[in-house]
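Undergrad: Quick one: structure below, then a few questions.
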Amino acid sequence: MTVHYGSEGDMSFFYNGKFIVSRPLTKKRTPKYYFEEAEELLVDGLKSGESLLDLRVRFKRFVDRFSKESKYWRDIELQTPLERDILFYTGLMLIKLKVIDPDSPTEGILISTRSKRSKPKKGTLARPR
């Protein structure tokens, strides 16, 4: 399982109890940024003449197929950056279309902030690494 951390943390997408993909969070790439990008892609799909039902079915099939074929963690690690983006934005569009509940315990989005190491207090010895 590869989690892609940014300076501000990461956003991970889960489906059917499986980790699917994560994307880094930075000062510019916030959760709001990713959701706006997904909405733009969804609007582009609707402008091209696709119906909402067709998009819902197509996106769900795509994520279902990936979820079933990825039986081993190494399959997930072999994703290219383009595949990671496609899977992530597909997941966000499924949330926007209300196919997936974002707060479900088995599927949705997990936003993790970057934890910062605490500095040793003055006068104490730091542990060697």
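The values are calculated or read from the model by the stated rules, or taken from the named source; none is laboratory data. None of these values were measured; they are calculated from a predicted model. All Cβ positions, glycine included, derive from the backbone under ideal geometry; neighbour counts span all protein chains shown.
Matching residues to (1) assigned to a helix (DSSP H, G or I); (2) touching a helix residue (DSSP H, G or I) at 6+ places or on another chain (Cβ under 7 Å):
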| position | (1), (2) |
| --- | --- |
| VAL3 | no, no |
| ASP10 | no, no |
| VAL21 | no, yes |
| PRO24 | no, no |
| LYS27 | no, no |
| LYS32 | yes, no |
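Undergrad: Another one. In this structure, does LYS96 turn out to be of a type in the set (Lys, Arg), modelled with pLDDT of 65 or more and under 23 Å from PRO24 (Cβ atoms)?
TA: For LYS96, the condition - of a type in the set (Lys, Arg), modelled with pLDDT of 65 or more and under 23 Å from PRO24 (Cβ atoms) - is met.
Undergrad: I'd like to check something: does the range 21-43 contain any residue that is in contact (Cβ under 8 Å) with a residue 24 or more places away in the chain, loosely packed, with under 15 Cβ neighbours inside 10 Å and of a type in the set (Asp, Glu)?
TA: yes
Undergrad: Which residue is surrounded by the most Cβ atoms within 10 Å (Cβ to Cβ), if the candidates are limited to the range 61-90 and must be of a type outside the set (D, E, K, R), part of a loop (DSSP other than H, G, I, E, B) and at pLDDT below 60?
TA: LEU78
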